[in-house]
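These notes concern the structure reproduced below.
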Amino acid sequence: MAAPRPFNSFVRRVHPAVSLINRLRSPLLLLAFLAAACSPPVATTAPDPVCWRCPVEGMAALTGNLQTPEHLLQPDAVKTGEEFDVSAYFEVLDRLSMEQGYVLDYVYWYDDMGAHPVLYARRAGEPPFEDYSAYVAAGDVAPLAYLDHVQLDGSAEGFFQLVVLRLMGEQFYLWWHAIMNDTSIITSQTSLQVHRQVVEGNCTEPFDPVLAGASRLALEPRVRFEGDLVSVSIHTSSGYSGLQRKTFSISRDFPHKFGDESTETLVEYFCGVVP
């Protein structure tokens, strides 16, 4: 009859970890091994979710309390240098930057029906246009042409921030009927509730129908990469157009030109007051 195999030999075959323990003659080594084996796995930090509201709220914080300077409320108004500096946008829109050698600037457009800024890109080191007429005389007055000189980091957040700049970049120093350019970007049900407070503070019609119509909608922005193009779909709300879904098609490579776009009104709303 064959002699029984030692128990330790069986353990070595069945559970190598126990065999290793048998070989650890030093009590300190044994304790170190057991501590390592019983330690919980190192936690990995998941990336933070995208804060879609952050650039929107940041832009509103920069411009929301600005008062239009009196010296701008005239034809061909000339800035003094003490006005709001739009380069501050890039502190909030941190995925964007101007093309090297360019800066973002603006002239002020005025007539008896309203007034608002007009953004443009100029070469760094060149003097800004003195007034709106000088800007028009230069010939480069295509709407939103400045966006051709705005770079981004290629992320979904970057393309969203480019849309934020396009929609909110000229929403300051608004006067008279230009105040109707009050479009707000809605990024969640919570942000729609915040927008309600703003609207109802300036309008006579209740905002409840918009809230009811939007209650089951997913209002978060959507960014899709589709080959050479990027599709950005957002929701906006205005006292003069209601809740809308806007979709933009943007070139993925620089310059990030805007192509096809669409607007769908989901819930109609009229403020009840014309500024």
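Side notes on the structure shown:
- Count of residues meeting criterion [under 16 Å from the mean Cα position of the chain (by Cα) and in a loop (DSSP other than H, G, I, E, B)] in region 167-194: 6
- Here Leu93 fulfils each of the conditions (1) crowded, with 19+ Cβ neighbours inside 10 Å; (2) touching a strand residue (DSSP E or B) at 6+ places or on another chain (Cβ under 8 Å); (3) under 20 Å from Leu62 (Cβ atoms); (4) of a type in the set (A, V, I, L, M, F, W, C) apart from (2).
- The lone criterion from (1) at pLDDT below 95; (2) not in a loop (DSSP other than H, G, I, E, B) left unmet by Tyr240 is number (2).
- Checked against the criterion of being closer than 23 Å to Tyr120 by Cβ, exposed (fewer than 15 other Cβ atoms within 10 Å of the Cβ) and over 14 Å from the mean Cα position of the chain (by Cα), the candidates Ala142, Ala212 yield just one match: Ala142.
- Pairs where the first residue, in region 93-105, is assigned to a loop (DSSP other than H, G, I, E, B) and the second is among the aromatic types (Phe, Trp, Tyr), C-beta under 9 Å, 6+ apart: Arg95/Phe159; Arg95/Phe160; Glu99/Phe254
- Residue match in region 51-71 (condition: in a loop (DSSP other than H, G, I, E, B), within 20 Å of the chain's Cα centre (by Cα) and crowded, with 19+ Cβ neighbours inside 10 Å): yes
- Among the residues of region 110-137, the one identified as loosely packed, with under 15 Cβ neighbours inside 10 Å, under 26 Å from the mean Cα position of the chain (by Cα) and either part of a strand (DSSP E or B) or without any contact (Cβ under 8 Å) to a residue 12 or more places away in the chain (or both) is Arg123.
- Condition met for Leu211 (in a helix (DSSP H, G or I) and either at pLDDT below 95 or among the hydrophobic types (A, V, I, L, M, F, W, C) (or both)): yes
- Subset of region 243-275 that is more than 21 Å from the chain's Cα centre (by Cα) and in a strand (DSSP E or B) - its residue that is nearest to His195 (Cα to Cα): Val267
- Cβ-Cβ under 8 Å pairs, at least 6 apart or on other chains, region 140-156 side farther than 13 Å from Tyr106 by Cα and aromatic (Phe, Trp, Tyr), far side at pLDDT 95 or above and outside any loop (DSSP other than H, G, I, E, B): none
- Residues that are of a type in the set (S, T, N, Q) and surrounded by fewer than 20 Cβ atoms within 10 Å (Cβ to Cβ) within region 153-192 comprise Ser155, Asn181, Thr183, Ser188, Gln189, Thr190, listed in sequence order.
- Members of region 72-92 that are in a loop (DSSP other than H, G, I, E, B) and touching a helix residue (DSSP H, G or I) at 6+ places or on another chain (Cβ under 6 Å): Asp76
- Only listed residue being at pLDDT 95 or above, touching a helix residue (DSSP H, G or I) at 6+ places or on another chain (Cβ under 7 Å) and closer than 16 Å to Cys271 by Cα, chosen from Leu165, Leu192, Leu152, Leu147: Leu192
- Test for Val163: is it assigned to a helix (DSSP H, G or I) and either within 27 Å of Ser233 (Cα to Cα) or more than 20 Å from the chain's Cα centre (by Cα) (or both): yes
- Once region 223-275 is narrowed to residues that are exposed (fewer than 13 other Cβ atoms within 10 Å of the Cβ) and of a type in the set (Gly, Ala, Ser), the residue that is farthest from Tyr146 (Cα to Cα) is Gly272.
- Only one of Val107, Val150 that is more than 26 Å from Gly242 (Cβ to Cβ), surrounded by 20 or more Cβ atoms within 10 Å (Cβ to Cβ), within 18 Å of the chain's Cα centre (by Cα) and not aromatic (Phe, Trp, Tyr): Val150
The values are calculated or read from the model by the stated rules, or taken from the named source; none is laboratory data. Keep in mind that this is a model prediction, so the values were computed, not measured. Here Cβ is always computed from backbone atoms with ideal geometry, including for glycine, and neighbour counts include all displayed protein chains.
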